[in-house]
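The structure is given below, and queries will be raised subsequently.
The values are calculated or read from the model by the stated rules, or taken from the named source; none is laboratory data. Being a predicted model, the structure only gives us computed values, none of them experimental. Here the Cβ positions follow ideal geometry from the backbone for every residue, glycine too, while neighbour counts run over all protein chains shown.
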Amino acid sequence: MTLPNPPDTRQRPQRGPRLQTVATNLRCNQNCSYCNRRAERDDLATIAPAALRTAIARALQQGAEEIRLTGGEPTLRRDLLELVTFARQSGAQRVSLETNGTQLDLARAQALAAAGLTSARVNLVGPDARVDAITQDEGGFARTLAGIRALLQAGVAVEILCVLTQATRSFVAEMPAALMAAVGDVGRPQAIEASVPDDAPNPAELLPYPEAAELLKALDAACRQWAIPLRLAADSGPPPCVFPPRRGLPHLYRLSPGSRRLARHSQVAACAGCIIADRCSGLADSYLRHFAVPELHPITDEKARRRLNMLRPLPEQIAHELVTQSLSAAADGTPIYDAIIRINFHCNQACAFCFVSTHLPPATDAAIEEAIRAAGAAGARIVLSGGEPTLNSRLVDWIQLAGAVSSQPVCLQTNAIRLDNSELCRSVVAAGVQQAFVSLHGATAAVGDAVTDTPGTFARTLLGLDNLYAAGVEVVLNFVLCETNLHEFPEFIRLVAVRWPQALANYSFVAPSTDLVPKEKRLIPKYTDMLPFLGEGLRLAESLNVRVVGFESMCGLPLCLIPEPFDRSQLQLTAIPEGMGEGEFVKSDECLKCTYNARCYGLRQGYAELHGTAELRAVLTP
């Protein structure tokens, strides 16, 4: 059985950047007023075909997956086709081109695509021929649009590079609408990447960061009208602290632990109070030569930090997190493979321990449909999840599709808040939901609402659960144990027994598997501190005939720590497939001697960093 790979946001050591650029030449047929890379002449030895092939081969040997051919203007080379072919045949997974597009027609774009060109980044800074005054290329704007059309028609993915300067500020926000009017019948760009230069041949072209921030807001609003993602170039300012609190654009940034710190950047006094100072480069030294330090608003809010967390360009991050593979076991021990498909990422609650990138926009409908069909073809149980999937306007459609392509029961992973609406609940059940995995992180409103940081939603979740239960849906209630709620686990069990007696109670522990989850002891207490409450709950469940599950889950308890009198032999555990959880979990020497070693994940690496591995002990059974 083959399923899509699960999201993996762990930091891995790499031999080199996944993407490496190779400058094919520095000459350019345009002379943009902000460009400081263009040269009148090239060093012929540096750009000789043999030298470029050597540079491409070296980049691939260092671990590059994508080769980006850039300039100057690489389409001025007559042997560009041969360079693309060489890169693909040498093992590049992707070859991209950075260009102004003016030298491309359909025939050349099709030839490049056939040779292996996968994407192009096209420089476009405005909506009309006013751009020609900036590029000093009369007619260049029209030829760039023609080049973009040619690339799209040839099946090459296109991104737009958009430089924000004094010269472009008056009209750059008009560009997305003009672009779509010109090429919308043949396709759309995958994204627009904005860049704010910090140095230029003429420093008068540069924008102070506060002005650039306002211009980015205008451009972002224009991009949203056409559903085109906007991002900020990785080497560009302004830093996120230039935006006032709650008025920023966090989706423009990719900042997480291990992010590459930019050379020739400096942190200033205000950075000392910022919780992302470990990953933000600060201000460009060249910017500080031209401008004073702007007013900064250091990031101090945990929610703001989460929203800035991005390891990949936005489209890649969305695709990476769309599907998660999970493993559980049926009553007879048969392994059940789940494909957890996140039909959107946003949520109407704000649990601090959530590892989902709730700041991401949703995947396209086409990508969601493809994921559902692939999971069905693989024989997986399809779990529609989020964020909060009931916020997706096409939820019923996705449920119906999942039921049509899979013989397994369709499961909905939800907080059930919106299912307090009886009509919505009936439509979800009628569409084919047979199982619901519902988050309920307390036994009282005071604790439940504190955990979710969303007052008033605990009571609505109870009503949503009532509706699901009354409709005959198989309900599993998930209680994530943390410092705030662990004392209520026994009362949670009692609540389940009284209100939904046939439901299953699932316990989980906080999964510090990504940087989205703060690795703090207040959020992630030691297992041994939680065991008294878990044990009391398990004993109460046995007396009240409530079935508790979660022992076989990645988010469950290491099997050696299951409290007495629970009998581990009652568990139907399946062997963990090779590679599942690799790099995210750690084990101690005790684990190697344990009877359950092949069926237990051990400890999350983030947990071990906080509390060590001394709690683990070998379980020896005949």
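For the stretch 422-448, how many residues are of a type outside the set (V, I, T) and touching a residue at least 40 places away in the same chain (Cβ under 8 Å)?
The number of residues fulfilling the criteria is 12.
Check the stretch 344-362 and report whether any residue there is touching a helix residue (DSSP H, G or I) at 6+ places or on another chain (Cβ under 9 Å), at negative phi and modelled with pLDDT of 95 or more. Show your work before the answer.
Of the stretch 344-362, the ones touching a helix residue (DSSP H, G or I) at 6+ places or on another chain (Cβ under 9 Å) are 344-354, 356-362.
Subset that is at negative phi: 344-354, 356-362.
Okay, now just the ones that are also modelled with pLDDT of 95 or more, so none.
For the stretch 344-362, residues touching a helix residue (DSSP H, G or I) at 6+ places or on another chain (Cβ under 9 Å), at negative phi and modelled with pLDDT of 95 or more: absent.
Still on this structure: Does V451 qualify as being among the aliphatic types (A, V, I, L, M), over 22 Å from E536 (Cβ atoms) and in contact (Cβ under 8 Å) with a residue 24 or more places away in the chain? Before you say what the answer is, go through the steps one by one.
On the way: among the aliphatic types (A, V, I, L, M): yes; over 22 Å from E536 (Cβ atoms): no; in contact (Cβ under 8 Å) with a residue 24 or more places away in the chain: yes.
Taking the combined requirement at face value, the residue does not satisfy it.
Exactly one of (1) closer than 30 Å to L164 by Cα; (2) buried (at least 19 other Cβ atoms within 10 Å of the Cβ) is unmet by F86. Its number?
(1)
With small (G, A, S) and either touching a His at 6+ places or on another chain (Cβ under 9 Å) or farther than 23 Å from L76 by Cα (or both) as the only criterion, which of A146, A191, A150, A142 stands out? Write out each step before concluding.
Working: A146 fails: either touching a His at 6+ places or on another chain (Cβ under 9 Å) or farther than 23 Å from L76 by Cα (or both); A150 fails: either touching a His at 6+ places or on another chain (Cβ under 9 Å) or farther than 23 Å from L76 by Cα (or both); A142 fails: either touching a His at 6+ places or on another chain (Cβ under 9 Å) or farther than 23 Å from L76 by Cα (or both).
Exactly one residue qualifies, and that residue is A191.
Can I ask one more? I'm trying to understand the selection: among the residues of the stretch 259-309, which are touching a helix residue (DSSP H, G or I) at 6+ places or on another chain (Cβ under 9 Å) and of a type in the set (S, T, Y)?
Answer for the stretch 259-309, where residues must be touching a helix residue (DSSP H, G or I) at 6+ places or on another chain (Cβ under 9 Å) and of a type in the set (S, T, Y): S266, Y287, T300.
Looking only at helices (runs of 4 or more DSSP H) that fall completely inside the stretch 85-155, which ones have 1 or more residues that are within 29 Å of A222 (Cβ to Cβ), over 29 Å from the mean Cα position of the chain (by Cα) and not aliphatic (A, V, I, L, M)?
Numbers: elements: 106-115, 131-135, 140-153.
Result: 131-135, 140-153.
Moving to a separate point now. Quick one: how many residues across the stretch 461-500 are over 13 Å from H441 (Cβ atoms) and in contact with a helix residue (DSSP H, G or I) (Cβ under 7 Å, 6 or more places away or on another chain)?
Residues flagged as over 13 Å from H441 (Cβ atoms) and in contact with a helix residue (DSSP H, G or I) (Cβ under 7 Å, 6 or more places away or on another chain) within the stretch 461-500 amount to 12.
Identify, from the list A181, A222, A133, the residue that is assigned by TED's automatic domain parsing to the domain that holds G101, touching a residue at least 40 places away in the same chain (Cβ under 8 Å) and of a type outside the set (S, T, N, Q).
On the way: A181 fails: touching a residue at least 40 places away in the same chain (Cβ under 8 Å); A133 fails: touching a residue at least 40 places away in the same chain (Cβ under 8 Å).
Result of the check over A181, A222, A133: A222.
Do we have E98 as surrounded by fewer than 14 Cβ atoms within 10 Å (Cβ to Cβ) and within 30 Å of Q166 (Cα to Cα) here?
Details: surrounded by fewer than 14 Cβ atoms within 10 Å (Cβ to Cβ): no; within 30 Å of Q166 (Cα to Cα): yes.
No: the conditions fail for E98.
Answer yes if at least one residue in the stretch 288-309 is assigned to a loop (DSSP other than H, G, I, E, B), among the small types (G, A, S) and either more than 23 Å from S119 (Cβ to Cβ) or under 22 Å from the mean Cα position of the chain (by Cα) (or both), and no otherwise. Break it down stepwise before answering.
Quick first cut of the stretch 288-309, residues assigned to a loop (DSSP other than H, G, I, E, B) only: 291-301, 308-309.
Add one more test, that the residue is among the small types (G, A, S), and what stays is 292.
Subsequent filtering for residues that are either more than 23 Å from S119 (Cβ to Cβ) or under 22 Å from the mean Cα position of the chain (by Cα) (or both) retains 292.
There is at least one residue in the stretch 288-309 that is assigned to a loop (DSSP other than H, G, I, E, B), among the small types (G, A, S) and either more than 23 Å from S119 (Cβ to Cβ) or under 22 Å from the mean Cα position of the chain (by Cα) (or both).
Could you list all residues from the stretch 483-509 that are under 17 Å from N545 (Cβ atoms) and of a type in the set (G, A, S)?
Of everything in the stretch 483-509, those that are under 17 Å from N545 (Cβ atoms) and of a type in the set (G, A, S) turn out to be A497, A503, A505.
Residue-wise test of (1) modelled with pLDDT under 95; (2) on the phi > 0 side of the Ramachandran plot; (3) within 24 Å of the chain's Cα centre (by Cα); (4) part of a loop (DSSP other than H, G, I, E, B).
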{"site": "P176", "(1), (2), (3), (4)": "no, no, no, no"}
{"site": "A182", "(1), (2), (3), (4)": "no, no, no, no"}
{"site": "P189", "(1), (2), (3), (4)": "yes, no, yes, yes"}
{"site": "D199", "(1), (2), (3), (4)": "yes, no, no, yes"}
{"site": "A204", "(1), (2), (3), (4)": "yes, no, no, no"}
{"site": "P210", "(1), (2), (3), (4)": "no, no, no, no"}
{"site": "R260", "(1), (2), (3), (4)": "yes, no, yes, yes"}
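Taking the stretch 454-474 on its own, how many of its residues are in contact (Cβ under 8 Å) with a residue 60 or more places away in the chain and under 30 Å from the mean Cα position of the chain (by Cα)?
Selection size over the stretch 454-474: 2.
Restricting to the stretch 368-387, name every residue that is under 30 Å from L249 (Cα atoms) and modelled with pLDDT of 95 or more.
First, the residues of the stretch 368-387 that are under 30 Å from L249 (Cα atoms): 368-371, 384-387.
Of everything in the stretch 368-387, those that are under 30 Å from L249 (Cα atoms) and modelled with pLDDT of 95 or more turn out to be I368, E369, E370, A371, L384, S385.
Same structure again: In the stretch 141-172, which residues are small (G, A, S), within 24 Å of E205 (Cβ to Cβ) and buried (at least 21 other Cβ atoms within 10 Å of the Cβ)? Steps first, answer last, please.
Our first condition is that a residue be small (G, A, S); within the stretch 141-172, this holds for 142, 146-147, 150, 154-155, 157, 167, 170.
Going one step further and asking which of them are within 24 Å of E205 (Cβ to Cβ), we end up with 142, 167, 170.
Listed by number, the list holds a single entry, A167.
Return the residue satisfying two criteria in turn: it lies in the stretch 481-532 and is modelled with pLDDT of 95 or more and among the β-branched types (V, I, T), and of such residues it is surrounded by the fewest Cβ atoms within 10 Å (Cβ to Cβ).
V498
Yes or no, residue by residue, for (1) within 29 Å of L308 (Cβ to Cβ); (2) in contact with a Lys or Arg (Cβ under 6 Å, 6 or more places away or on another chain):
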residue: C347; (1), (2): yes, no
residue: F355; (1), (2): yes, no
residue: E388; (1), (2): yes, no
residue: A404; (1), (2): no, no
residue: I417; (1), (2): yes, yes
residue: E423; (1), (2): no, no
residue: G432; (1), (2): no, no
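Among R599, R522, which is the only one that is more than 28 Å from the chain's Cα centre (by Cα) and under 30 Å from E321 (Cβ atoms)? Give the derivation first.
Numbers: R522 fails: more than 28 Å from the chain's Cα centre (by Cα).
Testing whether each residue is more than 28 Å from the chain's Cα centre (by Cα) and under 30 Å from E321 (Cβ atoms) leaves just R599.
Report whether or not P532 is under 30 Å from L308 (Cβ atoms) and of a type outside the set (G, A, S). Break it down into steps so the answer makes sense when it comes.
Details: under 30 Å from L308 (Cβ atoms): no; of a type outside the set (G, A, S): yes.
For P532, the condition - under 30 Å from L308 (Cβ atoms) and of a type outside the set (G, A, S) - is not met.
Additional query: Just need a number here: residues in the stretch 384-407 that are free of Cβ contacts under 8 Å to residues at least 24 places away in the same chain and closer than 17 Å to V323 by Cα.
Total meeting the criteria: 0.
Looking only at the stretch 98-113, decide whether some residue is over 25 Å from A182 (Cβ atoms), touching a strand residue (DSSP E or B) at 6+ places or on another chain (Cβ under 7 Å), modelled with pLDDT of 95 or more and assigned by TED's automatic domain parsing to the domain that holds Q166.
Looking only at the stretch 98-113, we keep the residues that are over 25 Å from A182 (Cβ atoms), and these are none.
Looking for residues that are over 25 Å from A182 (Cβ atoms), touching a strand residue (DSSP E or B) at 6+ places or on another chain (Cβ under 7 Å), modelled with pLDDT of 95 or more and assigned by TED's automatic domain parsing to the domain that holds Q166, one finds none in the stretch 98-113, hence no.
Report those helices (runs of 4 or more DSSP H) wholly inside the stretch 411-523 carrying at least 2 residues which are farther than 30 Å from I372 by Cβ. Please lay out each step first, then the result.
Numbers: elements: 422-431, 445-452, 457-470, 489-499.
The qualifying helices (runs of 4 or more DSSP H) are 445-452, 457-470, 489-499.
A follow-up question, please. Mind checking which residues of the stretch 534-560 are hydrophobic (A, V, I, L, M, F, W, C), buried (at least 18 other Cβ atoms within 10 Å of the Cβ) and either in a helix (DSSP H, G or I) or free of Cβ contacts under 8 Å to residues at least 60 places away in the same chain (or both)? Can you show your working first?
Step one: filter the stretch 534-560 for residues hydrophobic (A, V, I, L, M, F, W, C), giving 534, 538, 540-541, 544, 546, 548-549, 551, 554-555, 557, 559-560.
Within this subset, residues satisfying the condition of being buried (at least 18 other Cβ atoms within 10 Å of the Cβ) are 534, 538, 540-541, 546, 548, 551, 554-555, 557, 559-560.
Of everything in the stretch 534-560, those that are hydrophobic (A, V, I, L, M, F, W, C), buried (at least 18 other Cβ atoms within 10 Å of the Cβ) and either in a helix (DSSP H, G or I) or free of Cβ contacts under 8 Å to residues at least 60 places away in the same chain (or both) turn out to be L534, L538, L540, A541, V546, V548, F551, L557, L559, C560.
Might you let me know whether the stretch 42-59 holds any residue that is acidic (D, E) and either at pLDDT below 95 or assigned by TED's automatic domain parsing to the domain that holds R381 (or both)? Explain how you work it out, then say what you get.
The first filter runs over the stretch 42-59 and keeps only residues acidic (D, E), leaving 42-43.
Checking the rest, the ones that are also either at pLDDT below 95 or assigned by TED's automatic domain parsing to the domain that holds R381 (or both) come to 42-43.
Scanning the stretch 42-59, I find at least one residue that is acidic (D, E) and either at pLDDT below 95 or assigned by TED's automatic domain parsing to the domain that holds R381 (or both), so the answer is yes.
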